[in-house]
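The values are calculated or read from the model by the stated rules, or taken from the named source; none is laboratory data. Model, not experiment: these values are computed from the prediction. All Cβ positions, even for glycine, are placed from backbone atoms using ideal geometry, and neighbour counts span all protein chains on display.
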Amino acid sequence: MSADSQHLAQGALGLAINKQGQFLITLRNEPRHPQTHRKWQVTGGGINFGESPEQALIREVQEELSVTPKILFPYPIAKTWVWQLSNGNFHVLLLCYLIDIGIQVPKVDGKENLAFRWIKPDELSNLEYLPLTDDFIFEAQKLIVQHDLLSAL
């Protein structure tokens, strides 16, 4: 595949929040792409052909964290980004849903993610994270306040 090839992709992400107002992020494992490897991110992945974004979100969170999410707010935060990777340029549309995992404890298997952690938004400045991670978290924080989502946990 040529490095100048262009691709469109869609992804569904799940940003878990807890009663303390913390957000769950994961440490990406992708050694073949140094610009994304070992960066903190919102959990999620590609939407398969025929899947709804919500179905993709649930599948991805189950695959990556071994937990079953509950969608807290029906409308996702939508963002786009263009990645220039060694295997081409990818224009991605990301739909980030606010989710609750209750008392389930996430598990990472080291394949797609190396670790997870719960953070407050002000802790992001101390971390290396993928583009848009901060945008999703700060917009989620506004939605949580606007719609009193912590009371639903």
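Restricting segment 11-32 to residues that are outside any strand (DSSP E or B) and touching a helix residue (DSSP H, G or I) at 6+ places or on another chain (Cβ under 8 Å) leaves a set whose member that is surrounded by the fewest Cβ atoms within 10 Å (Cβ to Cβ) is Lys19. Checked against the criteria, Val145 does not count as touching a helix residue (DSSP H, G or I) at 6+ places or on another chain (Cβ under 9 Å) and not in a strand (DSSP E or B). Would you check if there is a residue in segment 33-44 being farther than 18 Å from Glu112 by Cα and crowded, with 16+ Cβ neighbours inside 10 Å? Among the residues of segment 33-44, not one is farther than 18 Å from Glu112 by Cα and crowded, with 16+ Cβ neighbours inside 10 Å, which makes the answer no.
Being modelled with pLDDT of 95 or more, surrounded by fewer than 15 Cβ atoms within 10 Å (Cβ to Cβ) and either part of a helix (DSSP H, G or I) or touching a Leu at 6+ places or on another chain (Cβ under 7 Å) (or both) is not true of Ala140. Scanning segment 72-95 for residues that are of a type in the set (Gly, Ala, Ser) and either in contact with a Pro (Cβ under 9 Å, 6 or more places away or on another chain) or assigned to a strand (DSSP E or B) (or both) yields Ala78, Gly88.
For segment 118-137, filtering for residues that are more than 20 Å from Leu72 (Cβ to Cβ), in a strand (DSSP E or B) and either at pLDDT below 95 or not hydroxyl-bearing (Ser, Thr, Tyr) (or both) leaves 0. In segment 85-93, the condition of being of a type outside the set (S, T, N, Q), touching a helix residue (DSSP H, G or I) at 6+ places or on another chain (Cβ under 9 Å) and either within 13 Å of Glu64 (Cα to Cα) or surrounded by 14 or more Cβ atoms within 10 Å (Cβ to Cβ) (or both) is met by no residue.
Of all the numbered requirements in (1) surrounded by fewer than 16 Cβ atoms within 10 Å (Cβ to Cβ); (2) aliphatic (A, V, I, L, M); (3) within 22 Å of Asn18 (Cβ to Cβ), Ala78 misses one, and that requirement is (3).
Scan segment 64-71 and tell me whether some residue there is part of a strand (DSSP E or B), in contact (Cβ under 8 Å) with a residue 24 or more places away in the chain and not polar (S, T, N, Q). Checking segment 64-71: at least one residue is part of a strand (DSSP E or B), in contact (Cβ under 8 Å) with a residue 24 or more places away in the chain and not polar (S, T, N, Q). Would you confirm, using the coordinates I've provided, whether Leu98 is under 18 Å from Gln20 (Cβ atoms) and assigned to a strand (DSSP E or B)? It is true that Leu98 is under 18 Å from Gln20 (Cβ atoms) and assigned to a strand (DSSP E or B).
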